[in-house]
Amino acid sequence: MSQLRSIKEINEKIAKGQAVVVTAEEVLGLVAEHGVEDTARRVDVVTTGTFGPMCSSGAFLNLGHATPRMRITKAYLNGVNAYAGIAAVDVFLGATEIPDTDPANSTFPGDFNYGGAHVIEDLVAGKQVLLEASSYGTDCYPRQKLETYITLADINEAYLFNPRNCYQNYNVAVNVSDRTIYTYMGILKPNMGNANYSSAGQLSPLLNDPFYRTVGVGTKLFLGGGVGYVAWHGTQHNPNAPRSENGVPRGGAGTLALLGDLKQMSAKYLRGVSFLGYGVSMQVGVGLPIPILDVETLRFAAVKDEDIVAQVVDYSDAYPKGIGGSLGEVTYAQLKSGTIIIGDKEIPTAPLSSYPKAREIAGTLKQWIEKGEFTLTEAVAPLPTAGAPITSHKLSAKE
């Protein structure tokens with residue numbers, strides 16, 4: 001496919017205020033009116049967005065040295081454990097970490113209303129957070145206990161580092177059993193009483209670049225209200241998942257590991273959430289710019305909800321993964337209509353992700369680019385694509 005423009009040329013147009021930028025929703029109208037090839041010649045960048053629960057998230061925090069100095073071995077932030085096995089005052093706070101005391105006061109196992117994601121949200125919101133730290137003490141780090149309140153401004157460095165974000169498609173969750181179950185996909189009513197899903201569909205970043213032609217290690221993007229970067233392919237990245245004729249995966253496929261400065265971010269786009277009977281997660285806002293380098297790039301970026309399918313999966317009994325365990329396929333247009341039909345049963349649907357927020361993120365990124373506040377980056381390494389020798393090891397019962 002012959003190239004229409006380069007990222008360098010797009011950045012030159014951004015600097016001059018001449019770049020034509022549209023969201024992944026807006027491009028659909030242009031394609032309907034002008035066709036794919038003409039639209040590809042008109043548009044320089046298509047922006048995408050998503051805002052949904054992304055459990056595999058967290059933050060590296062350098063807490064700074066106390067007087068006398070202390071090598072922290074145990075750390076709690078608002079009662080939530082932060083992993084301290086890194087260096088003297090470096091910790092990693094996982095989004096799904098929960099307070100040690102929560103299970104004893106729970107109605108359900110895993111009924112937690114505050115965890116690592118909420119601490120991260122509080123820090124980004126400028127709130128004070130209680131730090132409790134302990135150590136065995138050494139000659140160079142003699143202090144053994146510390147209790148103080150800190151804010152994000154007090155922390156030397158704070159990096160959001162999310163090992164698995166922006167899942168490229170995902171399951172639609174149902175429950176075929178005769179009892180209500182509590183999952184990371186929300187509360188699922190018995191006898192397929194509801195169906196929950198979690199994707200922005202036609203606005204979702206990797207669904208608009210299904211073969212990762214414009215995204216790779218080093219790609220700059222919108223992350224949590226600030227600027228972030230793709231650090232690596234995400235955990236559980238599976239580019240070899242079955243695909244539709246349009247190239248879009250028919251189930252969970254690629255993922256991104258993302259990195260960004262927490263101090264630039266906003267609690268508007270990083271929110272702690274609690275799933276009754278399961279635990280804690282974090283709503284993360286991500287917006288990926290797609291440079292329209294050729295006609296094929298635009299063709300992929302003009303995918304519509306009715307052309308994206310997802311697998312309906314039963315979560316009631318150690319749910320099977322992949323298309324082999326699917327109860328059926330539905331499109332995102334059907335999911336967003338409010339009901340789907342599996343067999344002869346009509347099932348109400350509900351999103352865990354926010355489409356209005358995804359639209360807002362895509363629109364905000366568009367504005368940044370149009371104002372010259374955000375330029376595009378060349379990837380320094382590609383993501384593994386279809387045909388790559390990536391395997392997902394599954395533990396056996398003995399393991």
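The values are calculated or read from the model by the stated rules, or taken from the named source; none is laboratory data. As the structure is a computational prediction, the values presented were derived from the model and not from experiment. Quick reminder, even Gly has a Cβ in these numbers, built from the backbone with ideal geometry, and neighbours come from all protein chains shown.
Structure values in brief
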quantity: For residue 254: the one exception among (1) closer than 16 Å to residue 184 by Cβ; (2) surrounded by 24 or more Cβ atoms within 10 Å (Cβ to Cβ); calculated: (1)
quantity: Where residue 115 falls short, out of the listed (1) small (Gly, Ala, Ser); (2) under 23 Å from residue 235 (Cβ atoms); (3) free of Cβ contacts under 8 Å to residues at least 60 places away in the same chain; calculated: (3)
quantity: Sole exception among (1) at pLDDT below 95; (2) in a helix (DSSP H, G or I); (3) in contact with a Phe, Trp or Tyr (Cβ under 9 Å, 6 or more places away or on another chain) for residue 98, by number; calculated: (2)
quantity: Condition check for residue 119: in contact with a helix residue (DSSP H, G or I) (Cβ under 7 Å, 6 or more places away or on another chain) and buried (at least 17 other Cβ atoms within 10 Å of the Cβ); calculated: no
quantity: Residue ID - modelled with the lowest pLDDT, chosen from residues in the stretch 67-95 that are closer than 25 Å to residue 187 by Cβ and outside any loop (DSSP other than H, G, I, E, B); calculated: 80
quantity: Residue in the stretch 144-161 that is buried (at least 17 other Cβ atoms within 10 Å of the Cβ), on the phi > 0 side of the Ramachandran plot and in contact with a helix residue (DSSP H, G or I) (Cβ under 7 Å, 6 or more places away or on another chain) present; calculated: no
quantity: Answer residue from the stretch 257-271, given it is over 13 Å from the mean Cα position of the chain (by Cα) and under 19 Å from residue 357 (Cα atoms) and is surrounded by the fewest Cβ atoms within 10 Å (Cβ to Cβ) among those; calculated: 266
quantity: Spans of strands (runs of 3 or more DSSP E) in the stretch 222-301 with at least 2 residues out of contact with any Ser or Thr (no Cβ under 9 Å at 6 or more places or on another chain) and farther than 20 Å from residue 168 by Cα; calculated: 256-261
quantity: Residue pairs meeting the criteria (Cβ under 6 Å; at least 6 apart or on separate chains; first farther than 20 Å from residue 214 by Cβ, in the stretch 278-291; second part of a strand (DSSP E or B) and hydroxyl-bearing (Ser, Thr, Tyr)); calculated: 278/182; 278/183; 280/274
quantity: Within the stretch 145-211, strands (runs of 3 or more DSSP E) holding 2 or more residues that are touching a residue at least 60 places away in the same chain (Cβ under 8 Å) and of a type in the set (A, V, I, L, M); calculated: 145-150, 157-165, 172-174, 186-188
